[in-house]
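This report concerns only the one structure given below.
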Amino acid sequence: MKDIIGSHVSFTKDKQLLGSVLEALEYKSTTFMFYTGAPQNTARATIDPELTLLAHNLMKKENINSNNVIVHAPYIINLANAKNYDFNVEFLCEEIKRVEQLGVNKLVLHPGSHVGVGVDEGIKNIVSALNECINSDTKITICLETMAGKGSEIGTSFEELKRIIDGVKYNDKLAVCLDTCHINDAGYDVNDFDGVLKNFDEVIGLDRLAVIHINDTKNIRGAHKDRHENIGLGELGFEIISKVVHHSKLKDVPKILETPYITYEKEKYPPYKFEIEMLRNNKYNENLIDDIVSFYKDHKNK
Ligand code: FE
Ligand code: FE
Ligand code: ZN
């Protein structure tokens, strides 16, 4: 069976979903994730139905199942705090519509940061926001992401995510995105990944695990930092990450890399083609960075 692995790719105003598919294919991905605009702001272009159709035709031709394609909501929308609450709720409702227009069905969302009002109040706010946007007609699944615990982030434990899920009326539309960097930084021991999955299953239920973000981390377990590292070069290391990627219980779950670009002589190169290749082969590439740099340098000179 074909794997389901890909990376974050861009989504530009002029090429939209078609550009995202083309970028994913460059990395030999079998899925991908994108923001419908810049992740740090809420300016969004209208979805072009023609580009969307071309993108879906290309996906069919290349065997990318659109059910495995992910949209990530911008990380500045914070549903946990009263500040800008109405704007953020409205944006989420609109984003759900955009995802539906794009013909994909998973939206990853950071639960939010309570910024002083406390976890209980924060969860209450998140639940009420989700209840405003999700109704019986909602076609997509909203995947709450496990967070690293930076500042006052909510969702740093499976228990907190479960509380959100329990509060939402149409929670058959909710699932979870597990991020390997974030759970490490939140304090989970990814060395014992089977133990982590068992715990996830007990608290939330494995059937709700809909997306996995595959990242190494720059920080030790429990650091509450959230700084992603390239695969094999961080605190988790290649073996542990590859075990997650190849886990038999997760073979139907899309896996998305969000590792940093490689900077070389002021140029930035995407690592994904090479990281995906080594994960797919389950064999660590000692020359990862060199291979990336020489590939893209040559590319550019042609
Ligand atoms: Fe995220
Ligand atoms: Fe993530
Ligand atoms: Zn992160």
Take the conditions open to solvent by less than 90 Å² (accessible area, probe 1.4 Å), within 16 Å of ligand 2 (Cβ to nearest atom), under 23 Å from VAL176 (Cα atoms) and touching a residue at least 60 places away in the same chain (Cβ under 8 Å) and apply them to ILE276. Does it pass?
no
Could you please let me know if ASN184 is more than 23 Å from PRO74 (Cβ to Cβ) and in contact with a helix residue (DSSP H, G or I) (Cβ under 8 Å, 6 or more places away or on another chain)?
yes
Pairs please, first residue from segment 211-222 and more than 15 Å from ligand 2 (Cβ to nearest atom), second anywhere and of a type outside the set (A, V, I, L, M), Cβ atoms under 7 Å, 6+ apart in sequence or on different chains.
ILE220/GLU235; ARG221/ASN184; ARG221/GLY187; ARG221/ASP189; GLY222/GLY187
Among (1) in contact (Cβ under 8 Å) with a residue 40 or more places away in the chain; (2) out of contact with any helix residue (DSSP H, G or I) (no Cβ under 9 Å at 6 or more places or on another chain); (3) under 24 Å from ASP179 (Cβ atoms); (4) not in a strand (DSSP E or B), the one test that GLY37 misses:
(1)
Kindly state which strands (runs of 3 or more DSSP E) lie completely within segment 186-271 and contain at least 2 residues that are within 18 Å of PHE32 (Cβ to Cβ).
209-214, 255-257
Output for segment 1-32, where each listed residue is in contact with a Pro (Cβ under 8 Å, 6 or more places away or on another chain) and among the aliphatic types (A, V, I, L, M)
ILE4, ILE5
Among the numbered criteria (1) crowded, with 24+ Cβ neighbours inside 10 Å; (2) away from ligand 1 (no atom under 16 Å from the Cβ); (3) under 21 Å from LYS97 (Cα atoms), which one does GLY122 miss?
(3)
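The values are calculated or read from the model by the stated rules, or taken from the named source; none is laboratory data. All figures in this text were calculated on a predicted structure; none of them were measured in a lab. A quick note on method: Cβ atoms are made from the backbone with ideal geometry, for glycine too, and the neighbour counts reach across all protein chains shown. These accessible areas exclude ligands, DNA and RNA; they are computed on the full protein's heavy atoms, side chains included. Shrake-Rupley method; radii C 1.70, N 1.55, O 1.52, S 1.80 Å.
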